[in-house]
1. I need the full set of residues from the stretch 222-244 which are under 14 Å from Phe283 (Cβ atoms) and crowded, with 21+ Cβ neighbours inside 10 Å, in order please.
2. Given the options Phe198, Phe217, name the one that is touching a residue at least 60 places away in the same chain (Cβ under 8 Å), buried (at least 18 other Cβ atoms within 10 Å of the Cβ) and hydrophobic (A, V, I, L, M, F, W, C).
3. Against the definition (of a type outside the set (A, V, I, L, M), part of a helix (DSSP H, G or I) and either surrounded by fewer than 17 Cβ atoms within 10 Å (Cβ to Cβ) or outside the structural domain of Val41 (by TED's automatic domain parsing) (or both)), how does Glu160 come out, yes or no?
4. Identify the residue in the stretch 163-205 that is assigned to a loop (DSSP other than H, G, I, E, B) and touching a strand residue (DSSP E or B) at 6+ places or on another chain (Cβ under 6 Å) and, among all such residues, is nearest to Gly233 (Cα to Cα).
5. Only one of these is more than 14 Å from the chain's Cα centre (by Cα) and of a type outside the set (S, T, N, Q): Gly123, Gly66, Gly90. Name it.
6. Where in the stretch 222-287 are the strands (runs of 3 or more DSSP E), entirely inside, with at least 1 residues that are under 32 Å from the mean Cα position of the chain (by Cα) and under 18 Å from Thr212 (Cβ atoms)?
7. Is it true that some residue in the stretch 71-82 is among the β-branched types (Val, Ile, Thr) and either at positive phi or surrounded by fewer than 20 Cβ atoms within 10 Å (Cβ to Cβ) (or both)?
8. Checking Leu247 against (1) in contact (Cβ under 8 Å) with a residue 12 or more places away in the chain; (2) surrounded by fewer than 18 Cβ atoms within 10 Å (Cβ to Cβ), only one condition comes out false. Which one?
Amino acid sequence: MKKELIDRIAVYLLKEGFTVKSLTGSCFDLLARKQETILIVKVLEDANSVSRQYVDEMDSVAAYLGATPLIIAEKAGNKLEDNVLYTRFGMYTLNFFTLAGSIKNRFPFIKRTQAGLTAYIDGNKLKKKREELGYSLNSLSKKIGVTKRMIIRYENEDSEITINKAMKIYSIFGGEVFNEIDIFSGNKMMESKDKSDFSKKYIDLGFEARDTKKTPFDIIARKDDELILTEIGDKARPDFPSLSKILDADNLVIFKKKKPKGIPSMTKKEFMDFEKANELVKFLKEF
């Protein structure tokens, strides 16, 4: 089931003009890019099976990549409804249908919260549409089943409302009076974590950097527009260069005994001897 869903998502994104990379042994299953839009996607049959560790790792990596992290699933205990946005540990979670609509800029406006299914009314749009269609405050309040004062409140401020009231408003005005949720917005800030000597060295050189565990690389580092993915060990993953190419990143292998071929690499001592960031970047660019 999971593999079929991964394939379905990958094919759809390819048809929509994305470059897509499928990954194994990583906290995310798909990396996709179309111009400046980068997606890292975890695909699950049941979203409740994802761990906080995976979500936190995806969030951190996404911040460095300027990417949107998403969980695509069939259910989260119960079936995920079309055009409804859910969250798991704060990460946007949705089904394939909702993803496909969002890719075409048809974003959901219904969200599952602790209060149940809710939607956000755009007050200005509601007032304009009400006046266009000739509804008085009293007549609209009766149709929706709320007080006139509540309609005034809806129009004066963006309000979160229950799904029952939202569907009544939708039946009258359609979806344009609601605030859609752009799932591709809201990138988080990068945070450095210097657990290893290597990430600490990157930070000393002026990069933001952190170690990773469930990703195709061991360290991710960024300084302005320079992004470096680093592997530690004598055997680089075969898909490492193609991953870096999609992300416009430089890659580096810090080896112990055996120097890999065809990829920028150095020993730990050589890496630690760099005194300036531009020296390291120059080495990577000239390879």
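The values are calculated or read from the model by the stated rules, or taken from the named source; none is laboratory data. Every value quoted in this text rests on a predicted model; they were computed, and no experiment measured them. With ideal geometry, Cβ positions are generated from the backbone for all residues, glycine too; neighbour counts draw on all protein chains shown.
1. Ile228, Thr230
2. Checking each option against the conditions leaves just Phe198.
3. Considered against the rule, which asks whether it is of a type outside the set (A, V, I, L, M), part of a helix (DSSP H, G or I) and either surrounded by fewer than 17 Cβ atoms within 10 Å (Cβ to Cβ) or outside the structural domain of Val41 (by TED's automatic domain parsing) (or both), Glu160 comes out as no.
4. The qualifying residue nearest to Gly233 (Cα to Cα) is Ser196.
5. Gly123
6. Fully inside the stretch 222-287 and qualifying: 226-232, 250-255.
7. No: the stretch 71-82 contains no residue that is among the β-branched types (Val, Ile, Thr) and either at positive phi or surrounded by fewer than 20 Cβ atoms within 10 Å (Cβ to Cβ) (or both).
8. Single failed check for Leu247: (2).
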